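Notes follow the structure.
Every read-out reported here was derived from the displayed coordinates using simple, explicitly stated rules and does not represent laboratory data. If you're wondering where the values come from, they're calculated on a predicted model, not measured in any experiment. Here the Cβ positions follow ideal geometry from the backbone for every residue, glycine too, while neighbour counts run over all protein chains shown.
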Amino acid sequence: MTVFLVITSFVLAALSGLLLWQLLEQRKMINQMLERENIPAQQPDPELAIVLKVTDPIGLAKRESRAGRLIGDRLPTMATKMVYQEVLKELTSELEEREIDVDMQIEYR
């Protein structure tokens with residue numbers, strides 16, 4: 001029984017060594033490919049951003065202001081733009097109040 005366990009241990013050690021060798025060879029091959037293609041090994045982390053979308057800007061405009069009720073149905077694009085500008089202004093003032101430095105802007109997509 002002891003002989004069987006010793007042989008099994010040697011076989012497992014040999015398999016572990018083989019797997020380690022394959023792993024090292026694979027890493028070498030990947031590094032060579034990265035060098036050949038001029039790809040840096042360490043990519044910079046992506047820049048994080050928060051995207052905010054008002055789900056019902058016309059409804060919000062009608063609910064929050066008299067001007068929104070007047071132009072909401074007639075000029076929906078203008079009302080939507082005004083809602084986003086007001087949300088931007090309120091968020092900026094709230095974050096400044098909490099001393100959080102941010103760069104906020106409206107992007108048209």
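Annotations
- When the charge dipole of the chain is built from unit charges on Cβ atoms (+1 for Lys and Arg, -1 for Asp and Glu) and taken about the Cα centre, the candidate among V51, A61, L88 whose Cα reaches farthest toward its positive end is A61.
- For the chain, the square roots of the Cα gyration tensor eigenvalues, ordered a ≥ b ≥ c, give a/c of at least 1.5 with a/b greater than b/c, which places it in the prolate category.
- Under the simplified labelling scheme, the S93-D73 pair shows an inter-label distance of 3.0 nm, with each label point 7 Å from Cα along Cα→Cβ.
- Low-density loop positions, GluC sites (Glu not before Pro), region 9-109 - DSSP coil, at most 10 other Cβ in 10 Å: E37, E47, E99, E107
- Once both labels are positioned 7 Å from their Cα atoms along Cα-to-Cβ, the gap between E35 and I7 label points is 4.4 nm.
- Fully extended contour minus Cα-Cα distance, from S65 to E25, at 0.36 nm per residue: 7.7 nm
- The spacing between region 53-98 and region 1-35, judged by their C-alpha centroids, is 63 Å.
- Helix screen, the chain: DSSP H segments with Cα axial length of 18 Å or more and mean Kyte-Doolittle hydropathy at least -1.0 are 2-36, 76-97.
- Springs join every pair of Cα atoms under 10 Å in this Gaussian network model of the chain, and among A79, A14, A67 the largest mean-square fluctuation is at A14.
- Counting only Cβ charges, +1 for Lys and Arg and -1 for Asp and Glu, the dipole size of the chain around its Cα centre is about 560 debye.
- The loop-placed trypsin sites (Lys or Arg not before Pro) in region 13-58, going by DSSP, that have at most 12 neighbouring Cβ atoms within 10 Å of their Cβ come out as K53.
- Sites L18 and Y108 - FRET efficiency at Förster radius 35 Å, r taken between beta-carbons, to 0.05: 0.05
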